[in-house]
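The values are calculated or read from the model by the stated rules, or taken from the named source; none is laboratory data. Here the structure is a predicted model, which means the values were calculated and not measured. Here the Cβ positions follow ideal geometry from the backbone for every residue, glycine too, while neighbour counts run over all protein chains shown. For the accessible areas, the whole protein counts, side chains as well, though only heavy atoms, and no ligand, DNA or RNA atoms are used. Shrake-Rupley method; radii C 1.70, N 1.55, O 1.52, S 1.80 Å.
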Amino acid sequence: MNLTEVDALAIATAVLQGRISAVEVTQAALQRIAARDGELNCFTAVTTDTALVDAERIDREIAQGNHPGILAGVPFAVKNLFDVAGVVTLAGAKINAQNPAATQDATAVTKLKQAGAVLVGTLNMDEYAYGFVTENSHYGATHNPHDIQRVAGGSSGGSAAAVASGLVPLTLGSDTNGSIRVPAALCGVFGFKPTYGRLSRAGVALFSSSFDHIGPFARSVRDLATAFDILQGEDEKDPVCTKRPPVETSYFASLQNIDGIRIAIADNYFTKGAKPEALAAVQKVADALGVREYVTIPEAHRARAAAFVITACEGANLHLDKLRTRPHDFDRATRDRFLAGALIPSSWYIQAQRFRTWYRDRVREVFQNVDIILAPTTPITAPLIGQQTMMIDGEEILVRPHLGLFTQPLSFIGLPVLSVPIQRPNTLPLGVQLIAAPYNEALILQVAAVLEAKGVISATVV
């Protein structure tokens, strides 16, 4: 059984049926990490001892006739801003390395473990999740498995690259302005940002509280839906976690039709500032679904501008003390962005929040006439590590902020979005966003399942 070629549920089925042990699966994952991570730099900590202990426990439960969970024996890893008992929660920062280790797991980590998954480590990221490239000045850049000279995207770059390289079939990341979707697209895997508040952030180091989401990366739609179902549920430890009952989206991820689902392509803002191949990826998805309709998301450019203001202000506020006392221990780019955020007048922040309410209402009106909207995830394929600028439509623009060009206006109001990997053999990956109204994750996964069955989207392990 080649564990890099099968998805998480296939691994769990094999473990539950006794065709392979959880210990064997875990050892294989640890061996892959040891062999490849020196080149890719996905992991900042590998939890070898606890992983093997957990795997042994799962094998004992199976031997005793018990069911250890739907993800029995599946190796997973998490962005290093999730608390993991016994591991220091870095959040990509040098400053945090001096903190004591976490005493308990984040809620999301606990839920996956309770489902039988085996945690094998924590993953690299942009410092304090403030970036789109995972070129971390303290812990090194994470390399894109499709071309190690290129970025993996960020800020959850380690999470995406670990799945794309076959180190693990499932990871967790976080998304403020696109930090799940951007690396998912650049690494060619599935990355899911559910509705704001749908999944608990308890035990997660926040960047911008009114924006931050968590979500899974995976190699298949059914793995993604399964992980999402496990992670759902009210959590009193997270004040923004929804009290809505969980929805069994794994059922919808098995449906092979889109009857009655109204789908349109985002035009105007979402057709500008991108390379032709990014727009062609959207058209490929639209053609496969028979979509000809277009829809305008109004004032998306202002939504992106307001998102910059709010996240900069909220992020800076969390780190004011360290900005005063330890400015030289920050990544220079992160420090400068936080300092700029600290200087933004409060009136700007208030006005950005007022616009946010207006924009939310306008987008809600759009979804009265459509269920799913298609848009590019990123304007380009993965840039080179260290690349500062790129040319689009004859204009030289900065790489780092513009990788979130098409993701920021959507997370600005907490919409559920899935970045799906477009099948592009022998070339760098791209992603397309499937966007829905709040709490309509099941529709997104249903459309993704149809696209996967048609062979239009698929994750490629390299």
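How many of the residues in region 356-384 are more than 22 Å from Y130 (Cβ to Cβ) and either open to solvent by less than 40 Å² (accessible area, probe 1.4 Å) or not in a helix (DSSP H, G or I) (or both)? The qualifying residues number 14. Restricting the search to strands (runs of 3 or more DSSP E) fully inside region 65-167 and requiring at least 3 residues that are crowded, with 21+ Cβ neighbours inside 10 Å gives 75-79, 118-123. Just so you know, in region 265-280 the residues that are out of contact with any strand residue (DSSP E or B) (no Cβ under 6 Å at 6 or more places or on another chain) and part of a helix (DSSP H, G or I) include one that is farthest from T377 (Cα to Cα), and it is N268. Taking the numbered list (1) in contact (Cβ under 8 Å) with a residue 24 or more places away in the chain; (2) outside any loop (DSSP other than H, G, I, E, B); (3) of a type in the set (S, T, N, Q) in turn, Q283 passes all entries but (1). Scanning region 236-255 turns up one or more residues that are of a type in the set (G, A, S), more than 14 Å from the chain's Cα centre (by Cα) and in a helix (DSSP H, G or I). Y439 meets all of the listed conditions (1) over 23 Å from P246 (Cα atoms); (2) part of a loop (DSSP other than H, G, I, E, B); (3) of a type outside the set (A, V, I, L, M) but one, namely (1). Which residue is nearest to D126 (Cα to Cα), if the candidates are limited to region 168-214 and must be part of a strand (DSSP E or B) and hydroxyl-bearing (S, T, Y)? Among those residues, the one meeting the criterion is S174. With respect to the stated conditions, V295 is of a type in the set (V, I, T) and either without any contact (Cβ under 8 Å) to a residue 12 or more places away in the chain or touching a strand residue (DSSP E or B) at 6+ places or on another chain (Cβ under 8 Å) (or both).
Determine which member of the set A352, A375 is among the small types (G, A, S) and within 14 Å of A281 (Cα to Cα). On inspection, the qualifying residue turns out to be A375. Report yes if V461 is open to solvent by less than 10 Å² (accessible area, probe 1.4 Å) and either among the basic types (K, R) or within 18 Å of the chain's Cα centre (by Cα) (or both), otherwise no. Here the answer is no, as V461 does not meet what is asked. For the residues R324, R302, the requirement of being open to solvent by 60 Å² or more (accessible area, probe 1.4 Å), touching a residue at least 24 places away in the same chain (Cβ under 8 Å), among the basic types (K, R) and more than 26 Å from P429 (Cα to Cα) singles out R302. Cβ separations smaller than 6 Å between residues 6+ apart or across chains give the following pairs from region 407-420 residues that are closer than 12 Å to A306 by Cα to residues that are open to solvent by 10 Å² or more (accessible area, probe 1.4 Å): Q408/N177; Q408/R304; P409/R304; S411/N177; I413/R360. In summary, A274 fulfils each of the numbered conditions (1) over 22 Å from G431 (Cβ atoms); (2) surrounded by 16 or more Cβ atoms within 10 Å (Cβ to Cβ) with the single exception of condition (1). Residue check: V420 meets all listed conditions (1) more than 22 Å from Q149 (Cβ to Cβ); (2) of a type in the set (V, I, T); (3) open to solvent by 10 Å² or more (accessible area, probe 1.4 Å) but one, namely (3). Considering (1) among the small types (G, A, S); (2) over 20 Å from V189 (Cβ atoms); (3) crowded, with 17+ Cβ neighbours inside 10 Å, the lone condition that A29 does not fulfil carries the number (2). Looking across region 87-111, the residues that are closer than 23 Å to N136 by Cα and touching a helix residue (DSSP H, G or I) at 6+ places or on another chain (Cβ under 7 Å) come down to V88, T89, L90, A91, G92, A93, K94, I95. The set of residues in region 8-18 that are under 27 Å from E452 (Cα atoms) and either buried (at least 20 other Cβ atoms within 10 Å of the Cβ) or over 26 Å from the mean Cα position of the chain (by Cα) (or both) comprises A8, L9, I11, A12, A14, V15, L16, Q17. Can you tell me which residue in region 19-59 is farthest from G73 (Cα to Cα), limited to those that are outside any helix (DSSP H, G or I), within 24 Å of the chain's Cα centre (by Cα) and among the polar types (S, T, N, Q)? Going through the qualifying residues, I end up with N41.
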